[in-house]
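Beneath this line is the structure, given in structure tokens, with notes to follow.
The values are calculated or read from the model by the stated rules, or taken from the named source; none is laboratory data. What you see is a predicted model; the values in this text were computed from it and never measured. Heads up, the Cβs are rebuilt from the backbone with ideal geometry, glycines too, and the neighbour counts pull from every protein chain shown. These area figures cover heavy atoms from the full protein model, side chains too; ligands, DNA and RNA do not enter into them. Shrake-Rupley method; radii C 1.70, N 1.55, O 1.52, S 1.80 Å.
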Amino acid sequence: MVKIGAITVGQSPRVDVTGDIMPLFGEEVELLEAGGLDGLSKEEISQLSPDPEDYVLISRLNDGSSAVFAERFILPRLQQCIYDLEAKGVRLILFLCTGEFPAVFQAKVPLIFPSQVLNGVVPALSGSKKIAVVTPTPQQIVQSKNKWERHVDEVHAIAASPYGDPSELEKAAKEISALNVDLVVMDCIGYTVEMKERLRAICKKPVVLSRTIVARVISELIS
């Protein structure tokens, strides 16, 4: 049995994610989870709200709701998650977040960041280097454009939360259908396979789903 660690920036376990990724890992994988907001109340989490200059993260809480918070507040808590998972004997650690993180973490095992996987794969899959990016909240629109403009020629960032009203995603899909792009990136681990299928059916364009593409990369590492 191979032990893999998974760290969410929100609260673990991420029962909304594991149903899509565990079949890709296979039966010989045990997933051990930890979360940057584990043990915190909603009142405590509300104190982590981002300022205008902050790097913004959004993630799922245990009750199924979501929270928006500043990355800087949870970096030490994420480091503790790494220590805890290493102590349990994991072979590698997957971050269940597509956000970009500073190079501040100490780890004895490989840390797999979905953003780095996507940064390599998306330009290779986008023939015209014109993409649409679906991101959870309007607070992340500028942040998303700034990130992807380093890797492709043209970026259209559109907000639609994976944790909110499903009509947001349908509205985003209709907007994307009118754009001159050749690839759509669902840039949050919160988006599900079902959401990808719904988006693709409406926008009629190829769609890259963050959670499954990184799971496939990890399965290649451990197989």
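Can you report the number of residues in the stretch 194-211 which are surrounded by fewer than 19 Cβ atoms within 10 Å (Cβ to Cβ) and part of a helix (DSSP H, G or I)? Write out each step before concluding.
Narrowing the stretch 194-211 to residues surrounded by fewer than 19 Cβ atoms within 10 Å (Cβ to Cβ): 194, 197-198, 200-202, 204-206.
Now restrict to residues that are part of a helix (DSSP H, G or I): 194, 197-198, 200-202.
Matching residues across the stretch 194-211 total 6.
Tell me which residues, restricted to the stretch 156-193, are acidic (Asp, Glu) and crowded, with 20+ Cβ neighbours inside 10 Å.
Here is the first cut: in the stretch 156-193, the ones acidic (Asp, Glu) are 165, 168, 170, 175, 182, 187.
Answer for the stretch 156-193, where residues must be acidic (Asp, Glu) and crowded, with 20+ Cβ neighbours inside 10 Å: just Asp187.
What tally of residues in the stretch 213-222 results from selecting those that are open to solvent by 10 Å² or more (accessible area, probe 1.4 Å), closer than 18 Å to Glu28 by Cα and in contact (Cβ under 8 Å) with a residue 24 or more places away in the chain?
First, the residues of the stretch 213-222 that are open to solvent by 10 Å² or more (accessible area, probe 1.4 Å): 213, 216-217, 219-222.
The next check asks that each one be closer than 18 Å to Glu28 by Cα; those that pass are 216-217, 219-222.
Pick out the ones that are also in contact (Cβ under 8 Å) with a residue 24 or more places away in the chain and you get 216-217, 219, 221-222.
Of the residues in that region, 5 qualify.
Suppose we keep only residues that are in contact (Cβ under 8 Å) with a residue 60 or more places away in the chain and under 23 Å from Val2 (Cα atoms) within the stretch 111-127. Which one would you say is surrounded by the most Cβ atoms within 10 Å (Cβ to Cβ)?
Taking the stretch 111-127 and keeping what is in contact (Cβ under 8 Å) with a residue 60 or more places away in the chain, we get 112, 114, 117-118, 121-122, 125.
Imposing the further condition that a residue be under 23 Å from Val2 (Cα atoms) reduces the set to 112, 114, 117.
Numbers: Ile112: 19, Pro114: 22, Val117: 19.
If we take residues in the stretch 111-127 being in contact (Cβ under 8 Å) with a residue 60 or more places away in the chain and under 23 Å from Val2 (Cα atoms), then Pro114 is surrounded by the most Cβ atoms within 10 Å (Cβ to Cβ).
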